[in-house]
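Here the structure comes first, spelled out in C-alpha coordinates, and everything after it is commentary.
The values are calculated or read from the model by the stated rules, or taken from the named source; none is laboratory data. All values derive from a computational prediction rather than experimental measurement. All Cβ positions, glycine included, derive from the backbone under ideal geometry; neighbour counts span all protein chains shown.
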Amino acid sequence: MKVGIVGAGTVGTACLTSIVARGFASEVVVVNRDRKRARGVVTDLQYGAILEAYTVLRDGDYADLAGAAVVLITAGVNEKTGGATNRSDPAGRLRLLDTNADAYRQIVPRVHEAAPDSVIVVVSDPPDPLADVVRSLGHERVVSTGTYLDSLRFRFHIARRLQVSPEQVEAQVLGEHGTSEVFVWSSARVGGAPLGELLATDEARRELESEVRFANITIIEGTGASALGIGVVSARIAEMIVRDENAVIPVGSWNPDYGVTLSVPSVVGRTGVIRRLPPDISAAERQALQKSAETLLTAVSRLRL
(Lines give C-alpha, C1' and ligand atoms only; values in the text may rest on other atoms or scores of the structure.)
Protein backbone atom coordinates (compact mmCIF):
# COMPACT_ATOMS: atom_id res chain seq x y z
CA MET A 1 0.00 0.00 0.00
CA LYS A 2 1.23 3.48 -0.89
CA VAL A 3 2.38 5.98 1.73
CA GLY A 4 3.21 9.62 1.05
CA ILE A 5 5.55 11.98 2.86
CA VAL A 6 5.39 15.74 2.33
CA GLY A 7 8.65 17.29 3.45
CA ALA A 8 12.13 15.86 2.93
CA GLY A 9 13.91 17.61 5.76
CA THR A 10 15.41 15.93 8.80
CA VAL A 11 12.06 14.69 10.16
CA GLY A 12 10.72 13.61 6.77
CA THR A 13 13.91 11.65 6.14
CA ALA A 14 13.64 10.00 9.56
CA CYS A 15 10.03 9.02 8.79
CA LEU A 16 11.06 7.55 5.44
CA THR A 17 13.90 5.55 6.97
CA SER A 18 11.62 4.14 9.66
CA ILE A 19 8.89 3.21 7.18
CA VAL A 20 11.40 1.30 5.08
CA ALA A 21 12.77 -0.45 8.17
CA ARG A 22 9.29 -1.52 9.31
CA GLY A 23 8.49 -2.90 5.85
CA PHE A 24 4.73 -2.34 5.73
CA ALA A 25 4.48 -0.08 2.66
CA SER A 26 4.63 -1.26 -0.94
CA GLU A 27 5.53 2.23 -2.16
CA VAL A 28 6.60 5.52 -0.57
CA VAL A 29 6.41 8.82 -2.47
CA VAL A 30 8.36 11.79 -1.11
CA VAL A 31 7.17 15.28 -2.08
CA ASN A 32 9.23 18.36 -1.29
CA ARG A 33 9.16 22.00 -2.34
CA ASP A 34 12.67 21.50 -3.72
CA ARG A 35 12.25 18.27 -5.66
CA LYS A 36 16.00 17.82 -5.94
CA ARG A 37 16.11 17.43 -2.17
CA ALA A 38 13.44 14.69 -2.30
CA ARG A 39 15.28 12.97 -5.14
CA GLY A 40 18.54 13.06 -3.19
CA VAL A 41 16.97 11.55 -0.06
CA VAL A 42 15.29 8.78 -2.05
CA THR A 43 18.43 8.04 -4.04
CA ASP A 44 20.52 7.86 -0.88
CA LEU A 45 18.20 5.47 0.94
CA GLN A 46 17.13 3.23 -1.96
CA TYR A 47 20.43 1.35 -2.06
CA GLY A 48 20.39 0.37 1.60
CA ALA A 49 16.65 -0.35 1.35
CA ILE A 50 17.52 -3.44 -0.68
CA LEU A 51 18.37 -5.09 2.66
CA GLU A 52 14.84 -4.47 3.98
CA ALA A 53 11.42 -5.69 2.84
CA TYR A 54 10.92 -4.64 -0.78
CA THR A 55 9.57 -1.09 -1.01
CA VAL A 56 9.42 1.15 -4.08
CA LEU A 57 10.86 4.57 -3.19
CA ARG A 58 10.43 7.59 -5.42
CA ASP A 59 10.31 11.35 -5.36
CA GLY A 60 7.26 12.96 -6.89
CA ASP A 61 4.79 15.80 -7.07
CA TYR A 62 1.44 16.05 -5.28
CA ALA A 63 -0.35 14.23 -8.10
CA ASP A 64 1.83 11.19 -7.37
CA LEU A 65 0.15 10.86 -3.97
CA ALA A 66 -2.98 9.51 -5.69
CA GLY A 67 -4.07 6.29 -4.04
CA ALA A 68 -1.97 6.78 -0.90
CA ALA A 69 -3.55 5.32 2.23
CA VAL A 70 -1.55 7.63 4.49
CA VAL A 71 0.21 10.95 3.92
CA LEU A 72 2.63 12.18 6.58
CA ILE A 73 3.11 15.96 6.55
CA THR A 74 6.45 16.95 8.07
CA ALA A 75 6.94 20.28 6.29
CA GLY A 76 7.35 23.59 8.12
CA VAL A 77 9.80 25.30 10.45
CA ASN A 78 11.19 23.24 13.31
CA GLU A 79 11.54 24.17 16.97
CA LYS A 80 15.05 25.60 16.70
CA THR A 81 14.29 27.71 13.64
CA GLY A 82 10.98 28.84 15.11
CA GLY A 83 12.44 29.86 18.46
CA ALA A 84 10.69 27.19 20.56
CA THR A 85 13.68 26.09 22.64
CA ASN A 86 13.21 28.06 25.86
CA ARG A 87 12.26 25.82 28.80
CA SER A 88 10.75 28.84 30.59
CA ASP A 89 8.43 29.74 27.71
CA PRO A 90 4.88 28.44 28.36
CA ALA A 91 4.02 28.77 24.66
CA GLY A 92 6.57 26.13 23.65
CA ARG A 93 5.81 24.60 20.24
CA LEU A 94 2.77 26.86 19.82
CA ARG A 95 5.21 29.59 18.74
CA LEU A 96 5.46 27.74 15.42
CA LEU A 97 1.73 27.70 14.75
CA ASP A 98 1.25 30.80 12.60
CA THR A 99 4.18 30.04 10.30
CA ASN A 100 3.36 26.37 9.88
CA ALA A 101 -0.37 27.02 9.48
CA ASP A 102 0.51 29.17 6.47
CA ALA A 103 2.54 26.29 5.04
CA TYR A 104 -0.34 23.86 5.63
CA ARG A 105 -2.76 26.16 3.80
CA GLN A 106 -0.57 25.66 0.73
CA ILE A 107 0.01 21.93 1.19
CA VAL A 108 -3.27 20.40 2.39
CA PRO A 109 -5.52 21.39 -0.56
CA ARG A 110 -3.03 19.79 -2.94
CA VAL A 111 -2.86 16.60 -0.87
CA HIS A 112 -6.65 16.51 -0.67
CA GLU A 113 -7.02 16.95 -4.41
CA ALA A 114 -4.66 14.06 -5.14
CA ALA A 115 -5.61 11.70 -2.28
CA PRO A 116 -8.98 12.70 -0.81
CA ASP A 117 -9.47 9.36 0.98
CA SER A 118 -6.02 9.28 2.60
CA VAL A 119 -5.42 9.72 6.30
CA ILE A 120 -3.22 12.74 6.87
CA VAL A 121 -0.86 12.31 9.81
CA VAL A 122 0.30 15.69 11.11
CA VAL A 123 3.92 15.47 12.21
CA SER A 124 4.93 19.15 12.03
CA ASP A 125 4.84 21.15 15.24
CA PRO A 126 2.53 22.03 16.85
CA PRO A 127 0.67 18.94 15.57
CA ASP A 128 -2.63 19.33 17.43
CA PRO A 129 -3.64 22.81 16.17
CA LEU A 130 -2.29 21.95 12.72
CA ALA A 131 -4.65 18.97 12.62
CA ASP A 132 -7.48 21.46 13.17
CA VAL A 133 -6.11 23.48 10.26
CA VAL A 134 -6.27 20.34 8.09
CA ARG A 135 -9.93 19.80 9.05
CA SER A 136 -10.77 23.44 8.32
CA LEU A 137 -9.37 22.95 4.81
CA GLY A 138 -11.84 20.15 4.10
CA HIS A 139 -9.82 17.00 4.82
CA GLU A 140 -11.65 15.08 7.57
CA ARG A 141 -9.37 12.06 7.94
CA VAL A 142 -6.58 13.52 10.00
CA VAL A 143 -4.54 12.34 12.97
CA SER A 144 -2.03 14.29 15.01
CA THR A 145 1.01 12.43 16.30
CA GLY A 146 -0.06 14.03 19.56
CA THR A 147 1.33 12.66 22.79
CA TYR A 148 2.30 9.21 21.54
CA LEU A 149 6.02 10.09 21.64
CA ASP A 150 5.59 11.89 24.98
CA SER A 151 4.01 8.72 26.41
CA LEU A 152 6.93 6.61 25.20
CA ARG A 153 9.32 9.08 26.80
CA PHE A 154 7.28 8.89 30.01
CA ARG A 155 7.53 5.08 30.01
CA PHE A 156 11.25 5.22 29.28
CA HIS A 157 12.09 7.58 32.13
CA ILE A 158 9.94 5.69 34.64
CA ALA A 159 11.66 2.47 33.60
CA ARG A 160 15.12 4.01 33.91
CA ARG A 161 14.36 5.35 37.39
CA LEU A 162 13.07 1.95 38.53
CA GLN A 163 15.63 -0.08 36.57
CA VAL A 164 13.06 -2.16 34.71
CA SER A 165 12.30 -2.72 31.04
CA PRO A 166 10.12 0.00 29.45
CA GLU A 167 7.97 -2.83 28.06
CA GLN A 168 6.81 -3.47 31.62
CA VAL A 169 5.65 0.13 32.12
CA GLU A 170 2.15 1.34 31.30
CA ALA A 171 1.93 5.13 31.42
CA GLN A 172 0.35 7.83 29.30
CA VAL A 173 0.66 11.52 28.61
CA LEU A 174 -2.56 13.16 27.35
CA GLY A 175 -3.73 16.53 26.05
CA GLU A 176 -1.42 18.84 24.11
CA HIS A 177 1.87 17.74 22.62
CA GLY A 178 3.43 20.69 24.40
CA THR A 179 3.92 22.45 27.70
CA SER A 180 0.35 21.84 28.99
CA GLU A 181 0.51 18.07 28.50
CA VAL A 182 -0.93 15.93 31.29
CA PHE A 183 1.05 13.12 32.95
CA VAL A 184 -1.38 10.42 34.06
CA TRP A 185 0.28 9.19 37.23
CA SER A 186 -2.95 7.82 38.71
CA SER A 187 -3.15 4.88 36.30
CA ALA A 188 0.58 4.31 35.69
CA ARG A 189 1.61 0.70 36.23
CA VAL A 190 4.81 -1.32 36.35
CA GLY A 191 4.27 -4.99 35.54
CA GLY A 192 0.59 -4.43 36.25
CA ALA A 193 1.26 -3.04 39.75
CA PRO A 194 0.39 0.58 40.64
CA LEU A 195 3.38 2.90 40.73
CA GLY A 196 2.44 3.86 44.29
CA GLU A 197 5.42 3.95 46.62
CA LEU A 198 7.88 3.14 43.82
CA LEU A 199 8.00 6.75 42.66
CA ALA A 200 5.88 8.54 45.20
CA THR A 201 7.58 11.85 46.07
CA ASP A 202 6.48 15.05 44.39
CA GLU A 203 10.10 16.00 43.75
CA ALA A 204 10.85 12.75 41.91
CA ARG A 205 7.75 13.14 39.79
CA ARG A 206 8.53 16.78 38.95
CA GLU A 207 12.05 15.85 37.88
CA LEU A 208 10.77 13.05 35.68
CA GLU A 209 8.09 15.25 34.11
CA SER A 210 10.71 17.86 33.31
CA GLU A 211 12.90 15.25 31.60
CA VAL A 212 9.96 14.23 29.42
CA ARG A 213 8.45 17.67 28.76
CA PHE A 214 11.77 19.15 27.64
CA ALA A 215 13.32 16.08 26.03
CA ASN A 216 12.99 17.77 22.64
CA ILE A 217 15.07 20.75 23.82
CA THR A 218 17.73 18.46 25.26
CA ILE A 219 17.92 16.72 21.88
CA ILE A 220 18.07 20.01 19.96
CA GLU A 221 20.87 21.30 22.19
CA GLY A 222 22.90 18.27 21.15
CA THR A 223 21.96 17.67 17.51
CA GLY A 224 20.06 20.73 16.31
CA ALA A 225 16.80 18.88 15.62
CA SER A 226 14.51 16.36 17.28
CA ALA A 227 13.83 13.86 14.49
CA LEU A 228 14.70 10.22 15.12
CA GLY A 229 12.11 9.43 17.79
CA ILE A 230 9.25 11.16 15.97
CA GLY A 231 10.33 9.41 12.76
CA VAL A 232 9.86 6.00 14.39
CA VAL A 233 6.57 7.05 16.02
CA SER A 234 5.14 8.49 12.79
CA ALA A 235 6.05 5.33 10.88
CA ARG A 236 4.36 3.22 13.55
CA ILE A 237 1.15 5.29 13.33
CA ALA A 238 1.19 4.93 9.54
CA GLU A 239 1.64 1.17 9.95
CA MET A 240 -1.38 0.95 12.28
CA ILE A 241 -3.46 2.67 9.62
CA VAL A 242 -2.16 0.66 6.65
CA ARG A 243 -2.58 -2.65 8.48
CA ASP A 244 -5.96 -1.62 9.97
CA GLU A 245 -4.69 -2.75 13.37
CA ASN A 246 -7.27 -1.14 15.68
CA ALA A 247 -4.34 -0.45 18.00
CA VAL A 248 -4.95 1.69 21.08
CA ILE A 249 -2.53 4.57 21.66
CA PRO A 250 -2.66 8.15 22.97
CA VAL A 251 -2.90 10.11 19.74
CA GLY A 252 -4.46 13.38 18.63
CA SER A 253 -7.83 13.76 16.93
CA TRP A 254 -10.64 16.30 17.06
CA ASN A 255 -12.55 15.68 20.27
CA PRO A 256 -16.14 17.01 20.46
CA ASP A 257 -16.03 16.89 24.26
CA TYR A 258 -13.31 19.57 24.21
CA GLY A 259 -13.95 21.18 20.84
CA VAL A 260 -10.33 20.83 19.73
CA THR A 261 -7.75 18.26 18.68
CA LEU A 262 -5.89 16.70 21.61
CA SER A 263 -4.67 13.28 22.67
CA VAL A 264 -6.65 10.69 24.60
CA PRO A 265 -6.46 6.89 24.30
CA SER A 266 -7.74 6.14 20.80
CA VAL A 267 -8.40 3.19 18.51
CA VAL A 268 -6.38 3.62 15.31
CA GLY A 269 -7.20 1.76 12.08
CA ARG A 270 -7.67 2.17 8.36
CA THR A 271 -9.64 5.43 8.56
CA GLY A 272 -7.47 6.99 11.27
CA VAL A 273 -8.95 7.39 14.74
CA ILE A 274 -11.97 5.11 14.80
CA ARG A 275 -13.08 5.99 18.32
CA ARG A 276 -11.76 7.55 21.48
CA LEU A 277 -11.73 5.74 24.82
CA PRO A 278 -12.52 7.54 28.08
CA PRO A 279 -9.24 7.96 29.95
CA ASP A 280 -8.90 6.55 33.47
CA ILE A 281 -7.71 9.69 35.24
CA SER A 282 -8.07 11.40 38.61
CA ALA A 283 -10.11 14.53 39.24
CA ALA A 284 -6.95 16.65 39.29
CA GLU A 285 -5.74 15.12 36.01
CA ARG A 286 -9.15 15.72 34.44
CA GLN A 287 -8.93 19.36 35.45
CA ALA A 288 -5.44 19.56 33.95
CA LEU A 289 -6.71 17.98 30.73
CA GLN A 290 -9.44 20.61 30.52
CA LYS A 291 -6.79 23.31 31.00
CA SER A 292 -4.69 21.74 28.24
CA ALA A 293 -7.71 21.82 25.95
CA GLU A 294 -8.27 25.48 26.75
CA THR A 295 -4.63 26.24 25.89
CA LEU A 296 -5.13 24.63 22.49
CA LEU A 297 -8.48 26.36 21.93
CA THR A 298 -6.87 29.74 22.60
CA ALA A 299 -4.13 28.97 20.06
CA VAL A 300 -6.56 27.77 17.40
CA SER A 301 -8.92 30.70 17.91
CA ARG A 302 -6.16 33.07 16.75
CA LEU A 303 -6.24 31.39 13.35
CA ARG A 304 -9.96 32.03 12.85
CA LEU A 305 -10.56 28.69 11.16
Given Ile230, Ile220, Ile241, Ile249, which one is modelled with pLDDT under 95, buried (at least 17 other Cβ atoms within 10 Å of the Cβ) and outside the structural domain of Leu137 (by TED's automatic domain parsing)?
-> Ile220
Apart from one, (1) surrounded by fewer than 24 Cβ atoms within 10 Å (Cβ to Cβ); (2) assigned by TED's automatic domain parsing to the domain that holds Tyr104; (3) of a type in the set (Gly, Ala, Ser) all hold for Ser186; the odd one out is (2)
Single residue of Asp102, Asp98, Asp128, Asp117 found to be over 16 Å from the mean Cα position of the chain (by Cα) and either under 14 Å from Thr74 (Cα atoms) or without any contact (Cβ under 8 Å) to a residue 24 or more places away in the chain (or both) = Asp102
Qualifying positions in the stretch 115-129 - in a loop (DSSP other than H, G, I, E, B) and either under 16 Å from Gly92 (Cβ atoms) or β-branched (Val, Ile, Thr) (or both) | Val123, Ser124, Asp125, Pro126
Regarding Thr10, is this residue surrounded by fewer than 21 Cβ atoms within 10 Å (Cβ to Cβ), among the polar types (S, T, N, Q), touching a helix residue (DSSP H, G or I) at 6+ places or on another chain (Cβ under 6 Å) and assigned by TED's automatic domain parsing to the domain that holds Thr99?
-> no
Any strands (runs of 3 or more DSSP E) falling wholly within the stretch 221-305 and containing at least 2 residues that are at negative phi and small (Gly, Ala, Ser) | 247-255, 260-269
Taking the stretch 59-78 as the region of interest, how many residues are surrounded by 14 or more Cβ atoms within 10 Å (Cβ to Cβ) and either at pLDDT below 95 or not aliphatic (A, V, I, L, M) (or both)?
-> 9
Quick check, is Ala115 buried (at least 24 other Cβ atoms within 10 Å of the Cβ), in contact with a helix residue (DSSP H, G or I) (Cβ under 7 Å, 6 or more places away or on another chain), of a type in the set (A, V, I, L, M, F, W, C) and not assigned by TED's automatic domain parsing to the domain that holds Ile230?
-> yes
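Table: residues versus (1) at pLDDT 95 or above; (2) of a type in the set (Asp, Glu); (3) closer than 16 Å to Leu199 by Cα.
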{"position": "Arg141", "(1), (2), (3)": "yes, no, no"}
{"position": "Leu149", "(1), (2), (3)": "yes, no, no"}
{"position": "Phe154", "(1), (2), (3)": "yes, no, yes"}
{"position": "Ala159", "(1), (2), (3)": "yes, no, yes"}
{"position": "Val169", "(1), (2), (3)": "yes, no, yes"}
{"position": "Glu176", "(1), (2), (3)": "yes, yes, no"}
Within the stretch 23-35, is there a residue that is outside any strand (DSSP E or B), surrounded by fewer than 17 Cβ atoms within 10 Å (Cβ to Cβ), at pLDDT 95 or above and small (Gly, Ala, Ser)?
-> yes
